[in-house]
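J.: Pasting in a structure now, in structure tokens, and then I'll have a few things to ask.
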Amino acid sequence: MQECNIELTRQVHGGGFWDFLKFDSGTSNGAREDGNALGAGCGTVKSDAYVPDMMFGIDVSQACFQHDQSYSTCGFSRLTADTNLSNNILNDCKAQGGNALTCNVIAGVYGVGVTLFGASAFNQAQAQSCN
Amino acid sequence: MYQEQQVNRLHTYLKQFGSLVLGFGLLFSSGYAAEYFVDKGHVDGVSGISFEIKPPYLNEKKAFNLRAENLSPWQLQQISDAMPFIAAFTNAQLGNGVSPALLPASETKVRSIRNIQNLNSDTFLAVKTIQNWQITAQQIQFNIDYFYTGQDGHFVFFRDNYIFKSNKQKWVFEKHAKTEPEGVLVCEKSPQGWRVCVPLHRAKDH
């Protein structure tokens, strides 16, 4: 039987047990760690450091960035954009090994978040893109 | 030793979680929530060079990867000058609500990601990052990583390569850097939990 040390296990599965508790905005020292500009993930330039791009160890940054780009597409339906965000998080979470409960919680949190706080962002993005 | 590492890890995560809860609480209770979730753009400074991350094409400009590569101030200035043109080009390539007929004549020789991947007009194509910069006085070479939601509901990532040339104070698409795009990317989670993507053929080599 092959023996695997803990670091090897982490490399294969992408994290350890405590990664379930991992929350990360993907920023440090006022800049995004992936090298993109602030706001290229979950949150805007002002809120990027507070809104997690990783929740319960699940990377949701691409679902957020796609949602931002949907809002910025002239004529795109806000309802469709918000529904896509929840569905994308749900599917992407499962693809990253998240369990059903975790994935539904994350999709629910972001879905409720954009429903409650997305109106002004949507209106602003539409105004910018349709000019 | 291992237990001590795990406990330290737990403490770190709990601190991060606490900070986020506190941050959210302050944010929503302050009455400035709307202000924090509306992006009007900003000016970003990288190694002393200013980048106007502002509309139009705000999200395409945000996708410019300027920090992960060790670019000199001169190279950054070249990218800063070219940013509005590359962002507009990227937006046209996404083709979300933009008729291909509206593309400038010079861009008709550009490979269409939608055609290559057989994407219909309902599929929303997004940009993940613009990176791998190679810069000379006359030209800028880079990759664009695109992504979309595939039929099985999972994200599909796709990379293509481009060369822009300077022409009368403007930067315009000249040609593709390679005869073929890098194509579909394979993504894995890094030990830190972030998605890291490499071209499929390179992944097979490993």
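The values are calculated or read from the model by the stated rules, or taken from the named source; none is laboratory data. Predicted, not measured: the structure shown is a model, and the values here were computed from it. A quick note on method: Cβ atoms are made from the backbone with ideal geometry, for glycine too, and the neighbour counts reach across all protein chains shown. With ligands, DNA and RNA removed, areas are computed over all heavy atoms of the protein, side chains included. Shrake-Rupley method; radii C 1.70, N 1.55, O 1.52, S 1.80 Å.
J.: Quote the total accessible area buried by chains B and A together, excluding ligands, DNA and RNA, probe 1.4 Å, nearest 100 Å².
T.: Using a 1.4 Å probe, the pair buries roughly 4900 Å².
J.: Assuming R0 = 35 Å, can you tell me the calculated FRET efficiency for the pair B:N118 and B:W74, based on Cβ-Cβ distance, to the nearest 0.05?
T.: Using R0 = 35 Å, I get an efficiency of 0.30.
J.: Give the distance, in whole Å, between the Cα centre of segment B:104-159 and the Cα centre of segment B:170-189.
T.: So the two Cα centres are separated by 7 Å.
J.: Run the reach check for B:K54 against lysines, Cα to Cα strictly under 21 Å, same-chain hits fewer than 8 apart removed. What comes back?
T.: The qualifying lysines are A:K46, B:K40, B:K62, B:K128, B:K170.
J.: Let me ask another. Taking a 1.4 Å probe, which of B:C197, A:C130, B:C187 shows the most accessible area, and what order do the others take after it?
T.: A:C130, B:C187, B:C197
J.: Which aspartates and glutamates have a Cα lying under 14 Å from the Cα of A:K22, excluding residues fewer than 8 positions away in the same chain?
T.: In chain and number order, the partners are A:D53, A:D59.
J.: Something else about it: At 1.4 Å probe size, put B:V43, A:V45 in order of accessible surface, largest to smallest.
T.: The most accessible residue leads, giving B:V43, A:V45.
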